[in-house]
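The values are calculated or read from the model by the stated rules, or taken from the named source; none is laboratory data. The structure displayed is predicted, hence computed values, not measured ones. Glycine gets a Cβ as well: all are built from the backbone with ideal geometry, and neighbour counts include every protein chain shown. Side chains included, ligands, DNA and RNA excluded: accessible areas come from the protein's heavy atoms. Shrake-Rupley method; radii C 1.70, N 1.55, O 1.52, S 1.80 Å.
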Amino acid sequence: MNRSPRRATFALSALMMALAGCATVDDGVQPPPQITTVGSRDLSAGVDGPLAPLPAQVAAAPATAPVLEDPREAAGTPVDPLSPDGQGEVDAEKARKDLWVRVRTGFGMPDLDNDLVRQHERWYASRPDYVQRMTDRGSRYLYHIVEEVQRRGMPTELALLPFIESAFNPQALSSARASGMWQFMPLTGKDYDLKQNLFRDDRRDVLASTRAALDYLSRLNKMFNGDWQLALAAYNWGEGNVKRAIARNERAGLPTDYESLSMPAETRHYVPKFQAVKNIVLAPQSFGLALPQLENHPYFLSVPIRRDIDVAVAARLAGLPLEEFKALNPQMNKPVILAAGTPQILLPYNSADTFVKRLASHQGPLASWTAWVAPKTMKTAQAAELVGMGEAELREINRIPPKMLVKAGSTLLVQRAETRAADVPEHVADNAHMALAPDVPPLRKVAIRARKGDTVAALAKRYRVGANQIAAWNRIDDGTRFRKAQALVIWVPTGSKIAPVAEGRALAKAKAGKPVRMAAASQNRGGAAKGMKIRPTRLARK
């Protein structure tokens with residue numbers, strides 16, 4: 001008998017009415033790009049523009065004749081970065097003094113004395129092991145910071161600020177993405193010329209971050225008319241927030257000093273914590289603590305780098321454990337140091353000459369890694385084939401998740417061929433970034449309708465998409481419950497059939513010749529009434 005095709009046709013007609021609210025929107029609009037960006041460039045939206053290959057990066061470097069690596073030209077003479085003309089010489093008399101004495105005699109900020117200061121003093125005093133670890137880490141950097149602070153005529157208390165910012169851990173990263181010993185946020189770091197790209201993050205660089213932090217603190221001090229407590233509050237909370245807090249107190253006729261302002265708990269504790277550290281440094285014995293003696297001479301020297309070199313090779317030539325090398329050069333994001341983007345490395349005073357001498361007699365390549373810029377958007381398998389690496393290795397070293405495309409203009413870390421003599425050029429070293437996008441089919445835009453009482457989660461289940469995607473596509477919260485019917489959009493692969501889960505089940509029932517209960521009439525747009533049962537028509541026998 002031939003009833004099945006007609007039954008299915010009738011059911012499909014009903015389903016077409018029910019799906020009238022799910023129409024493809026052909027307005028030429030592209031879906032919001034789903035892009036992950038690593039590096040300094042902010043690749044936000046649009047297929048063109050920021051996502052297009054960067055001409056300076058994609059263009060082939062000028063052809064040069066191959067040259068043999070001469071390790072004697074790979075590094076310059078070690079110097080004290082604060083006294084480049086002194087060639088790293090140490091004043092013997094000056095070096096015999098304890099650095100803590102210099103710090104204490106240079107104190108120049110007004111003291112804060114309240115219960116919060118006492119609370120933080122007790123906290124540190126009860127944790128001598130923690131204080132010991134902090135001061136051990138800080139011993140690498142304190143001489144340089146104190147020298148820089150005093151050269152600027154600033155109070156030496158500022159050299160203690162990394163104790164409360166990061167416990168002198170240059171690799172520290174906060175939940176708010178503040179990084180480094182001085183805890184710079186990404187945008188603030190860029191404001192103070194701290195480069196952040198695929199190969200390095202100057203927020204962690206010992207020299208660059210110290211210079212930037214003292215520049216910033218000096219500016220804040222002037223902004224708040226020489227009030228260091230307000231300047232420190234602004235360093236923690238943001239200058240705009242402190243200004244607004246002052247303005248509120250002024251309108252209310254209240255004092256505008258640090259202790260009188262309304263501020264978050266973290267900032268309320270910030271200056272008392274700083275004061276507690278200052279008090280402990282001033283008289284550690286009063287708190288049952290002992291600070292290790294710090295020598296009053298440079299811990300490290302700066303060695304100019306002129307050739308690309310692996311981090312592991314540099315550490316080995318300097319005779320240092322890898323972790324010690326990274327503690328002085330924490331800005332490196334990759335296992336290779338690019339000479340074009342890294343003017344120098346820091347090495348302990350006694351290791352710098354060792355490094356230069358061993359480097360001059362080094363045999364073999366200095367770098368086993370280099371940078372490669374993708375000429376077009378491609379799969380990782382294609383990129384791996386072009387650079388002569390396995391796909392799994394390429395994804396692992398560049399931290400590329402599965403099922404992702406490498407966007408045009410992205411910079412990848414790849415193995416350096418033994419025959420390659422050219423180092424990574426400056427424009428790549430300074431602008432390296434990586435942009436990834438999901439490896440998914442092209443999408444089309446579809447209009448849907450949320451019924452009264454619907455939730456985003458229910459719509460996501462109905463249309464087989466993510467709730468967070470619906471929320472992002474329509475600029476709503478993923479916990480939204482709709483108080484009335486509302487038009488929305490979703491994005492689905494081009495060529496795919498879009499049908500809510502309920503209607504898809506109805507179609508299956510119709511094909512099986514079973515009764516079908518359709519959706520509410522509000523969704524049908526004039527179709528079957530709410531709760532109406534649609535049964536296949538029984539055709540008369542011919």
Excluding ligands, DNA and RNA, the carbon-plus-sulfur percentage of the accessible area of the range 235-341 with a 1.4 Å probe reads 51 percent
In nm, to one decimal, how far is the THR256 label point from the ARG464 one, both placed 7 Å along Cα→Cβ?
6.3 nm
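What is the percent carbon and sulfur in the accessible area of the range 90-207, measuring with a 1.4 Å probe over the protein chains and ignoring ligands? Intermediate values should be presented prior to the final figure.
Numbers: 2490 of 5330 Å².
Of the solvent-accessible surface of the range 90-207, carbon and sulfur hold 47 percent.
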In Å², and per residue, what accessible area does the range 170-240 have when probed at 1.4 Å with the other protein chains present?
38 Å²
How large is the accessible surface per residue of the range 271-329, computed with a 1.4 Å probe and reported in Å² as a whole number?
38 Å²
If you average the alpha carbon positions of the range 301-362 and of the range 418-493, how far apart do those two centres end up, in angstrom?
42 Å
Consider a paramagnetic label point 7 Å from the Cα of LYS357 along Cα→Cβ; state which residues of the range 305-338 have an amide N under 18 Å from it.
314-321
Result for the range 339-488: accessible area per residue, probe 1.4 angstrom, in square angstrom, of 51 Å²
Can you tell which of SER126, TYR141, PRO162 lies farthest toward the positive end of the dipole of the range 94-180, using +1 and -1 charges on the Cβ of basic and acidic side chains (Lys, Arg; Asp, Glu)?
TYR141
Quick one: which of LYS195/LYS334; LYS190/LYS243; LYS195/LYS243; LYS376/LYS403; LYS190/LYS334; LYS379/LYS497 span more than 24 angstrom between C-alpha atoms?
LYS195/LYS243; LYS379/LYS497
For the range 358-432, the percent of accessible surface on carbon and sulfur atoms (probe 1.4 angstrom, ligands and nucleic acids excluded) is 50 percent
Along the range 161-177, Karplus-curve 3J(HN,Hα) (6.51, -1.76, 1.60; θ = phi - 60°) to the nearest Hz, with x for Gly and Pro, reads 4, x, 4, 9, 7, 9, 6, 6, 9, x, 9, 4, 9, 7, 5, 8, 6
Note the full-extension length gain between GLN293 and GLN119 as 0.36 nm times their separation in residues minus their Cα-Cα distance, in nm to one decimal.
60.0 nm
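What full-extension length gain, to one decimal in nm, is calculated for GLU324 and ALA176 as 0.36 nm per residue of separation minus the Cα-Cα distance? If you can, show how the numbers build up before the last one.
Numbers: separation 148, 0.36 × 148 = 53.28 nm, distance 2.68 nm.
Answer, rounded to one decimal: 50.6 nm.
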